[in-house]
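To start, the structure itself, in structure tokens.
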Amino acid sequence: MTSIFDNPATFAEEALDGFVAANRQYVARVDGGVVRSTEMSSGQVALVIGGGSGHYPAFAGLVGPGLAAGSACGNLFASPAAGQIYRVVKAANMGGGVLLSYGNYAGDVLHFGQAQQRLNKEGIETRTVLVTDDIASAPIDQFQNRRGIAGDLTVFKVAGAAAEAGLSLDDVERLAVKTNYRTRSLGVAFDGCTLPGADEPLFHVPKGHMSLGLGIHGEPGISDHEMPTASELAELLVERLLQDKPDDAGTRVVPILNGLGTVKYDELFLLFGKVETLLVAAGLQIVEPECGELVTSLDMAGLSLTLLWLDDELATHWSAPADTPAYRKGNLSPRAPRDTTALIEATEEVEQGTDEAIRLGEYAASALDAVAAVVAEHETFLGKLDAIAGDGDHGIGMRRGADAASAAAAEARGTGVRNVLLQAAEAWSEKAGGTSGALWGAALTAAANSLGNRGTYGDQDAADCVNAFVSAVIELGKADPGDKTMVDALLPYAETFTHEQSGGATLSQALAAAAKAAKRAADSTAELSPKKGRARPLAEKSIGHPDPGAISFGLIAEGVANTLEPLLKKRGA
């Protein structure tokens, strides 16, 4: 249970502020995360890592000489927003190019990908290496689909050491890719973790059992097993990892036994001794192991074992010195403080809307108020639905995003529909993080640009706006119909809206019919098996339950239609 907080909604931000206050010799706070507070070499590659909060010492605790140049820090178990990542990279960039590295989760991929596109357009060469070490989340022939868990550390450490040594972006990227391929992890949980303010953990493990193959975002494991002895647990973890070893594995291996939050060091040491015995018996040479809390999940009772198979090149960088708040190795000379006070983003000038654009902007702001009200009403339900096969944060993430979008739209009233929606989109993306933050931010941005700032608006503009919204989600999320995502409700919504409008229905009638179609389609996703997102590794648990993203869209579509109906009828629309 997380007991120390004022407001659960600001827990992650306040914790990050306190972390910086306790570690100013290492890190400085920037909007979106932290960067090194000490000087780096001009032209050095900047390794920027990141992810959701709740995993300390990942990710902010690994910022410092010999490791990362900066970390983008999202809300609890939610990816940082693209804007946050962009600002952290801008503050960390030293002119030698940027390598982004993070765990392979849908929200992180979307947000970091958007930031990478923006940075490359601005001439800051930026590349990405995803961490995919979790053997439980996909078979070996789908290595690229695996999640990133405690194997983050091996990739970050080797890439950070390579950057510190002055290697080129090509070489830093190559070494990160090689390290990721040679890293394997497997985790177990004895009980779930509890988000600040929540009464119950995100999941429970049956008494006398453990859950095998867990993630680090409060997801339950792939399967439950009777609680083993320490010797039996060591055998299970080592055997499974050795069965999955890379093709070019040698005999040198780095074992990392990682506690997820509640398992105490004495227990970890006991288990590590048994792991080491098994690895030596298998003919492996142990090199500079780690045993402790390295990638946590709030107060989760669980642990993971990671193995990194070394070659000469990787061994050099794994052994290289590092000095960060949470990870220290060898000796490094003290670094001079860095001035981070001048990192201020310029504000864009707002285009004043036409009379019709301002009127439409009022409707958009009202619609976003309705979105916020619907999400607030169903927040708990959406969270519980998401916890069945995910991490349980869909409700709270949608709440953060919708509330922020509604507030931003209210502040932008009177400037035109394009600016109202753009401000809402940026606020949603920034505050929600995660997959939903990226998708809703992109969709609202597309809707804003579709409507623009015109003197008059007609039925075709409404249809174009709906299609732009849907296309943005499909293009960014790369989901197809039947993948059990928000898309399964979006497409029927757009098709029904277009059909109703072409048949002579008013705008309010088309919105109502489209909302009904979206809700029916969302309910029908219960029979589908997820092929995207965090629910994919737990596909069997998801069957029989609808997709949270599709359900939330259906509820929102209904709420917006009901809110706009009286406003539109007054104008005969």
Legend entry - Residue order, fewest to most beta carbons within 10 Å, for Lys178, Lys207, Lys569, Lys90: Lys207, Lys569, Lys178, Lys90
Inset, instruction - Using R₀ = 45 Å, calculate the FRET efficiency as 1/(1 + (r/R₀)^6) where r is the Cβ-Cβ separation of Asp355 and Gln117; round to 0.05. - result: 0.80
Legend entry - Proximal lysines relative to Lys274, as straight alpha-carbon distance under 19 Å, when same-chain residues fewer than 8 apart are discounted: Lys264
Inset, instruction - Using label points projected 7 Å from each Cα along Cα→Cβ, tell me how many nm separate Thr341 and Ala198, to one decimal. - result: 4.2
Inset, instruction - Write down the percent of antiparallel bridges among all DSSP beta bridges whose residues are both part of the chain, to the nearest 5. - result: 55
Inset, instruction - Pull up the cross-link candidates among the aspartates and glutamates for Lys329, meaning alpha carbon to alpha carbon under 15 Å and not fewer than 8 places away within one chain. - result: Glu164, Glu288, Glu290
Legend entry - Rounded, prolate or oblate (a/c below 1.5 giving rounded, otherwise prolate when a/b exceeds b/c) for segment 8-323 by Cα gyration tensor: oblate
Legend entry - Spin-label model distance (nm) - Ala230 vs Glu377, 7 Å beyond Cα toward Cβ: 5.4
Inset, instruction - Could you line up Ser542, Ser502 from fewest to most neighbouring Cβ atoms inside 10 Å? - result: Ser502, Ser542
Inset, instruction - Go ahead and run the numbers for FRET between Asp171 and Thr251, Cβ-Cβ distance against an R0 of 22 Å, rounding to 0.05. - result: 0.30
Inset, instruction - Note down the relative contact order for the chain as a percent, whole number, built from C-alpha pairs under 8 angstrom at least six residues apart. - result: 13
Legend entry - Value of [θ]222 nm, deg cm²/dmol, for the chain, DSSP H segments ≥ 4, -39500 (n - 2.57) each, nearest 500: -15500 deg cm²/dmol
Inset, instruction - At 0.36 nm per residue, minus the direct Cα-Cα distance, what do Asn449 and Lys478 gain on full extension? Give it in nm, one decimal, please. - result: 8.4 nm
Legend entry - segment 195-318: antiparallel DSSP beta bridges as a percent of all, rounded to 5: 65
Legend entry - Gain in span if fully extended, Phe5 to Thr316, counting 0.36 nm per residue against the direct Cα distance: 107.7 nm
Inset, instruction - Please find the FRET efficiency linking Leu242 to Asp266, where r is the Cβ-Cβ separation and R0 is fixed at 25 Å, and quote it to the nearest 0.05. - result: 0.45
Inset, instruction - Under 27 Å Cα to Cα from Lys478, which lysines show up? Leave out anything in the same chain fewer than 8 places away. - result: Lys121, Lys178, Lys384, Lys431, Lys516, Lys519, Lys531, Lys532, Lys541
Inset, instruction - Could you please rank Trp440, Trp428, placing first whichever residue has the fewest other Cβ atoms within 10 Å of its Cβ? - result: Trp440, Trp428
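Every number here is computed from the coordinates shown, using simple stated rules; none is lab data. As the structure is a prediction and not an experimental result, all values here were calculated from the model. Glycine also receives a Cβ, built like all others from the backbone with ideal geometry; neighbour counts cover every protein chain displayed.
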